[in-house]
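The values are calculated or read from the model by the stated rules, or taken from the named source; none is laboratory data. Because the structure is predicted, anything quoted here is derived from the model rather than measured. Quick reminder, even Gly has a Cβ in these numbers, built from the backbone with ideal geometry, and neighbours come from all protein chains shown.
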Amino acid sequence: MMAAPRLEIDLDKIGHNARILVERLGKCGIAVTGVTKAALGSPEIATTLLRAGVKALGDSRIENIEAMRRGQIAAPMTLIRSPMLSQAQRVVQYANLSCNTEIEVIRRLSLAAQQAGCRHGVLLMVELGDLREGIMPEDLLNVVEETLRLPHIDFKGIGTNLACRSGVAPDALNMAMLTELVEQIETTFDVRVEIVSGGNSANLQWAFRGETLGRINDLRLGEAILLGCETLQRQPLDGLYTDAIRLVAEVIEVKRKPSLPSGRIAQNAFGETAVVTDRGQVTQAILALGRIDADPDGLQPPTGINIMGSSSDHLILESDNTDLAVGAEVVFQLNYSALVRAILSPFVTKVMQPM
């Protein structure tokens, strides 16, 4: 019997998703950077993405990049979160390129690259409305000017990030602004901007709409590849698998119980106050899967089974499905929030298929 809980990761389906997106975006002149942060630096998933045609790999954690290097992944890699000053030496050693917003950090990367006897590529991230990371557009030329002066640093281009903190959608207006900034840089400094990274999986609707794409030639895709959906409304993308990764958990208790708790209701273990209704006696099943392992709000159970609650170590279901006996397994589809927590949990076994 296989270990549970476990993530079942279908590499063939992930490869299919990546290949379809690479082909569709390639027709638009856009290359794909495959984002591995939700894969925890898995060399198997990294290899799958590269075989599918992604031009480079991107990750927000230097630890994941180091893990892929230890796994003999030699492809170009981008640190897609602004580097910490304290990690500058590791960044220039293991990543070819990093996304940056602070000139102080770029100076430290320059020094670290000089000491290591190497060169390091820099992509400057621009704030275009989502209010996460980014240089304000009016300050960009000053940052470019200083970046170009720094030894052992190669200015590679600019990028932006949308639909992450505030949910601002990529559209013709903000993408055109990125192209305008590229043209300003090239005119002012007589340089060629090599990479213009328009964003992430939230950009796919914009990219496939057939509008003018301007100078955008790169997208950083993770969720669309792994889960087969766009990220503005989480709608499935045509031709992609939405079940490339599944979460399987085991039933540890099945009993008939009242649906209404008895006693005075206070906060639960997570500071929440339960809202309950009396539905009489119900069949309740408990799985050995808790909030430590996955975000319960991001789990989609099979038809006829409802998630009623969770604690650190338990997921509580209700169903009249007589197959939910002790020892039975329940298979969930999951969203990005549930995936990243499950991939990080040491208590969730990761099973790559095919092996």
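Right, Leu140: within 18 Å of Arg107 (Cα to Cα), without any contact (Cβ under 8 Å) to a residue 60 or more places away in the chain and aliphatic (A, V, I, L, M) or not?
yes
Determine, yes or no, whether Leu299 is surrounded by 19 or more Cβ atoms within 10 Å (Cβ to Cβ), in the same structural domain as Pro258 (by TED's automatic domain parsing), among the hydrophobic types (A, V, I, L, M, F, W, C) and in contact with a Phe, Trp or Tyr (Cβ under 7 Å, 6 or more places away or on another chain).
yes
With the structure loaded, tell me whether Thr48 is among the hydroxyl-bearing types (Ser, Thr, Tyr), touching a residue at least 60 places away in the same chain (Cβ under 8 Å) and not assigned by TED's automatic domain parsing to the domain that holds Leu344 or whether it fails that test.
It is false that Thr48 is among the hydroxyl-bearing types (Ser, Thr, Tyr), touching a residue at least 60 places away in the same chain (Cβ under 8 Å) and not assigned by TED's automatic domain parsing to the domain that holds Leu344.
Please work out which one of (1) under 20 Å from Ile343 (Cα atoms); (2) touching a residue at least 40 places away in the same chain (Cβ under 8 Å) is the condition Cys229 fails and give its number.
(2)
Which residue is surrounded by the fewest Cβ atoms within 10 Å (Cβ to Cβ), if the candidates are limited to segment 222-237 and must be among the aliphatic types (A, V, I, L, M) and under 13 Å from Ala163 (Cβ atoms)?
Leu232
If we scan segment 74-82, do we find a residue that is without any contact (Cβ under 8 Å) to a residue 60 or more places away in the chain, surrounded by 19 or more Cβ atoms within 10 Å (Cβ to Cβ) and small (Gly, Ala, Ser)?
Checked segment 74-82: no residue is without any contact (Cβ under 8 Å) to a residue 60 or more places away in the chain, surrounded by 19 or more Cβ atoms within 10 Å (Cβ to Cβ) and small (Gly, Ala, Ser).
Kindly provide the set of residues from segment 315-355 that are of a type in the set (S, T, N, Q), under 17 Å from Ala288 (Cβ atoms) and surrounded by fewer than 19 Cβ atoms within 10 Å (Cβ to Cβ), ordered by number.
Those that are of a type in the set (S, T, N, Q), under 17 Å from Ala288 (Cβ atoms) and surrounded by fewer than 19 Cβ atoms within 10 Å (Cβ to Cβ): Ser345, Thr349.
Quick check on my filter: what residues within segment 292-321 are in a loop (DSSP other than H, G, I, E, B), touching a residue at least 40 places away in the same chain (Cβ under 8 Å) and charged (D, E, K, R)?
Within segment 292-321, Asp293, Asp295 qualify.
Please count how many residues of segment 252-287 are farther than 26 Å from Pro302 by Cβ and in contact (Cβ under 8 Å) with a residue 40 or more places away in the chain.
Of the residues in segment 252-287, 1 are farther than 26 Å from Pro302 by Cβ and in contact (Cβ under 8 Å) with a residue 40 or more places away in the chain.
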